[in-house]
1. If you consider only alpha-carbon coordinates, what radius of gyration and Dmax does region 152-232 have, in Å?
2. Given a 1.4 Å probe, how much area per residue of the chain is accessible, in Å²?
3. Just to verify a number: what accessible area does F141 come out at with the full protein assembly present, 1.4 Å probe, Å² rounded to tens?
4. Using a 10 angstrom cutoff on alpha carbons, build the Gaussian network for the chain and name the most mobile of A42, A113, A185.
5. Run the dipole for the chain about the Cα centre, Lys and Arg Cβ at +1, Asp and Glu Cβ at -1, nothing else charged, and hand back the magnitude in debye, nearest 20.
6. Which order do W102, W164, W47 take when ranked by solvent-accessible area (1.4 Å probe, heavy atoms of all protein chains), largest first?
7. Viscosity 1.306 mPa s, temperature 10 °C: what is the translational diffusion coefficient of region 75-203 from Stokes-Einstein with a Kirkwood Rh over Cα pairs, rounded to a whole number of µm²/s?
8. Taking the Cα atoms of region 21-128, what is the range of coordinates along each of the three principal axes, in descending order and whole Å?
Amino acid sequence: MDIGTALSEALSGAWQRSLRATPPEQGWWSLAAIAVALAAVAVPTVWRFARLAVTVVHELGHAGVGILVGRRFTGFVVSGDMSGHAVTVGRPTGPGRVLSAWAGYPMPALVGALLIQIAFGGWARTALAVALVLLVVSLVFSRSLHTVATVLVSALIVGTVWWWGGALGPGALVLALGVLLLLGAWRHLGTVMTGGRRQDDPQQLAQLTGVPAGAWNAGYVLVLALCSWWAGAVLLRALG
């Protein structure tokens, strides 16, 4: 088999693994995925590492919204203490700056609720393929060895389940990740509301707009509550 044929077959296989598939029947896999996500958020030693997923989505949320409003994304960092920051370049004030600064805390909840919907709709493999592409691209913008390692490990897990996960693996991973991101969004928000620092998003938004940080936190709570309602409705319909 020549290189061209091998490459063609590999691309064809990747395409087939990225298409919508009939979702598996509900059963132990969905309950197990939810249980794993709950444990990851509730057990401190596990959460210390699991929260990296929430941090990555948070920072890429800043980046993605920043790009959409015309700012230039230059890089992001996930620190050893599991915090992070993303840098977008553009006007230091104005609606674009405010939107990109606002997007971090809601993004894990929005993505989490969407993934829960996807897990039961047959699009799990497609979601993993998209996530893998985004993770590979984000390597270019990783600005520390810890960030590179975090993104590489995430891409390895996603890629392995996408390619070799069988009928249940993709749906279980997408569901577990969705629940983890949604619950993790609440945990992250709770931390910033009870012990916010000057560099945290609500304080930065208060400086940019003159609107108190408490008002921004209230807005975050509203968005996360709506995402939780959406995800809860999907779970009740799927598992009820």
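The values are calculated or read from the model by the stated rules, or taken from the named source; none is laboratory data. Computed from a predicted model, the values in this text were never measured in an experiment. Counting neighbours? That spans all protein chains shown, and the Cβs are built from the backbone with ideal geometry, glycine included. Ligands, DNA and RNA are excluded from the accessible area calculation, which covers all protein heavy atoms including side chains. Shrake-Rupley method; radii C 1.70, N 1.55, O 1.52, S 1.80 Å.
1. Using the Cα atoms of region 152-232, the pair Rg, Dmax is 17.1, 52 Å.
2. Working: 12310 Å² over 240 residues.
Per-residue value: 51 Å².
3. Accessible surface of F141 is approximately 60 Å².
4. A42
5. Values: 14 positive and 7 negative charges, 97 e Å.
The calculated dipole for the chain is roughly 460 debye.
6. W164, W102, W47
7. In µm²/s, the coefficient rounds to 99.
8. Taking max minus min along each principal axis of the Cα atoms, region 21-128 gives 51, 34, 18 Å.
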